[in-house]
Every structure is written in structure tokens, then in C-alpha cells.
1. If I filter segment 21-31 for residues that are modelled with pLDDT of 95 or more and of a type in the set (A, V, I, L, M, F, W, C), do I get at least one hit?
2. Taking the conditions exactly as written (in a helix (DSSP H, G or I) and either β-branched (Val, Ile, Thr) or without any contact (Cβ under 8 Å) to a residue 24 or more places away in the chain (or both)), does Arg114 satisfy them or not?
3. Here are Arg66, Arg71, Arg114: which of them is under 19 Å from Ala156 (Cα atoms) and charged (D, E, K, R)?
4. Output yes when any residue across segment 144-151 is of a type in the set (Ser, Thr, Tyr) and loosely packed, with under 10 Cβ neighbours inside 10 Å, and no when none is.
5. Between a residue in segment 167-194 that is within 15 Å of Glu141 (Cβ to Cβ) and any residue that is small (Gly, Ala, Ser) and assigned to a loop (DSSP other than H, G, I, E, B), which pairs come within a Cβ distance under 8 Å, given they are 6 or more apart or on different chains?
6. For segment 139-154, which positions are farther than 14 Å from Ile97 by Cα and without any contact (Cβ under 8 Å) to a residue 40 or more places away in the chain?
7. Of all residues in segment 168-188, count the ones that are assigned to a helix (DSSP H, G or I) and loosely packed, with under 14 Cβ neighbours inside 10 Å.
Amino acid sequence: MAGMSQDAATQDVQDQDGQDVDVQDVDVQDVDVQDVDVQDVDVQDLTRDPGNAESTALWVERTGTRAYTGRNSRGAEVSIASVGTPGAFSPGELMKIALASCSGLASDFALSRRLGDDVDVTIRVSGPTDEAEDRYPALSERLVVDLSGLDEAARARLLQVVQRSIDEHCTVGRTLDQGARVDLEVVDAVPPHS
């Protein structure tokens, strides 16, 4: 999960004394996010963020009225704006897309292993907004894949493996199911002169 990231990461880091430490096979679930001090993150250095998988920095930049571009330190970007804005995702749509894509990534090995590397998979995701509470009380996913080449036993087994893979390895789904604390700190871009 964790960005599918129960994946192991290998990287050189420094301990508190500045000594290089080779960290191998770090399971992201073993990292306590409370150990990451936000004060240690340089808001001007958009190349690394120890609070994210593989230290990938994530940020959004305002590009207009109610319009932002989301970016990561690997060079990807996505347009984000209000619902209905052409060529852009709304934040809620991105959350739903994150859920569907995480489910896809979590189940991809099982599906491609049994149905072939060229298997077509579409995951539809939806969930109405509770306008009074300004949230999505429930989300629904529908994974569409051609299982016609499987007998009943193989079909049932694959569906079980796919469901288990998603339940155990979709970080986004697990986070939505269990909830997450969200902390926001507003930082002055130009600190006052002392």
C-alpha cells in the first residue's frame, strides 16, 4: 500500500550526528510520521520530503482563482480546480481517482499474472457529496475486467485474491477506512525581519 508502498526503499540517510547510515528494506509502515519534524522540511526545497514515500516532495501552486497545479519532485503535474472546470480535476475527484488507482495497483499483479500482461482493467469510482457536512460519506468502486476465460473455481479464487490484495495493500483505501489526522500549519513565505 502506502503508494503501494509496502515496497522496500533503499537510500542513504544521516543519523542525528550527521553520520551516513545505509537503510535497506525499510517498510513504510514501520515509519512513525510523528518522528518526522515538519520544522526539518525546507519549504523552499521541493525535491525531498521525508514524510512521504521515497522522500517524494508533493505540493500545489496557485495558478489562478480557485485553480492550482499539483506537482511532485519526479516532475509529474495535475491541474486542480473547482468542479466543472475544463481540463482540471477537483480535489474530491482526485481523492476518488487516488482510491481507484490504488486499488488497481494493489490488484495488478494478481490480475496480470492470471489474465496476462495485456489485461484490460477499468475501475470506476463514485460517491455523492453530503452538502450539509461538506464531505463524502461513502465511496463505491467497480473493478471491470473480462473473466470469461476462467472456470467458476478459478474465477472465485481470483476474485478472492484481488479483494484481499486491495484490502491489505491499498494505502488510500485503508486510510479512508480508518481515517487520518490532518495537521495544517500556515507559514509566512517571507519571515518578518528580526
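The values are calculated or read from the model by the stated rules, or taken from the named source; none is laboratory data. Quantities reported herein were computed from a predicted structural model and do not represent experimental measurements. Positions of Cβ are generated from backbone atoms using ideal geometry, with glycine treated the same way; all protein chains shown enter the neighbour counts.
1. Taking segment 21-31 as the starting set, the residues that turn out to be modelled with pLDDT of 95 or more are none.
Checked against the condition, which is being modelled with pLDDT of 95 or more and of a type in the set (A, V, I, L, M, F, W, C), segment 21-31 yields no hits at all.
2. Values: in a helix (DSSP H, G or I): yes; either β-branched (Val, Ile, Thr) or without any contact (Cβ under 8 Å) to a residue 24 or more places away in the chain (or both): no.
No: the conditions fail for Arg114.
3. Going through Arg66, Arg71, Arg114 in turn, the sole match is Arg114.
4. From segment 144-151, those of a type in the set (Ser, Thr, Tyr) are 148; that's our starting set.
Within this subset, residues satisfying the condition of being loosely packed, with under 10 Cβ neighbours inside 10 Å are 148.
Scanning segment 144-151, I find at least one residue that is of a type in the set (Ser, Thr, Tyr) and loosely packed, with under 10 Cβ neighbours inside 10 Å, so the answer is yes.
5. Thr171/Ala2; Thr171/Gly3; Thr171/Ser5
6. Val144, Val145, Asp146, Leu147, Ser148, Gly149, Leu150, Asp151, Glu152, Ala153
7. 3
Residues are listed down the side, and each one gets a yes or a no for (1) in the same structural domain as Ile80 (by TED's automatic domain parsing); (2) within 30 Å of Ser82 (Cα to Cα); (3) assigned to a helix (DSSP H, G or I):
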residue: Ala98; (1), (2), (3): no, yes, yes
residue: Asp118; (1), (2), (3): no, no, no
residue: Val125; (1), (2), (3): no, yes, no
residue: Glu133; (1), (2), (3): no, yes, no
residue: Ala138; (1), (2), (3): no, yes, no
residue: Ala153; (1), (2), (3): no, no, yes
residue: Gln160; (1), (2), (3): no, no, yes
residue: Ile166; (1), (2), (3): no, yes, yes
